[in-house]
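*Asks:* Here's a structure for you.
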Amino acid sequence: MNKVNKDFINSSHFITELKLCSIRLIDNCKFPWIILIPNRKKVTDITELNLKDQILFMKEIVFCSNKMKKLFKTSKLNVEKIGNIVPQLHLHIIARTKNDSSWPLSVWVVKSKSYKKNERLKILKRLKKVF
């Protein structure tokens, strides 16, 4: 794996490696939230990936989306590529429900809350099992 941006290290936890991407859990217990980070140097946008990697990235997004929907029993996902603060290419996959703390607004409108250690270990175990 290429060097992961320190902002990712400080705000997320490693789950696993796919063929192209690292998967990390965002440290916000308000939402089941992962990020996919392609293991390519100096890539800030999907258009900078070669065609083979673009296709693989899309396959990994769909794969992870399906796993998140099933694991967290939701029909609604937010799949977002923003990258305004951390320029390294990454994609957010967030399982949403009508009962979550910011529904129907964006997850960005509520203050994040870190997982307690035992909760974090439990969700990481579940995620590692399905990925």
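*Asks:* Please go through the stretch 28-54 and give me each residue that is charged (D, E, K, R) and over 20 Å from P87 (Cβ atoms), ordered by number.
*Replies:* Hits for the stretch 28-54 are K30, K52.
*Asks:* Please identify the pairs in which a residue from the stretch 51-67 that is under 19 Å from I94 (Cβ atoms) has its Cβ atom under 6 Å from the Cβ atom of a residue that is surrounded by fewer than 16 Cβ atoms within 10 Å (Cβ to Cβ) and among the β-branched types (V, I, T), counting only partners at least 6 apart or on another chain.
*Replies:* Filtered contacts from the stretch 51-67: K67/V130.
Read-outs throughout are calculated quantities, based only on the coordinates presented, and are distinct from any laboratory measurement. Keep in mind that what you see is a predicted model, and the values were worked out from it rather than measured. Glycine gets a Cβ as well: all are built from the backbone with ideal geometry, and neighbour counts include every protein chain shown.
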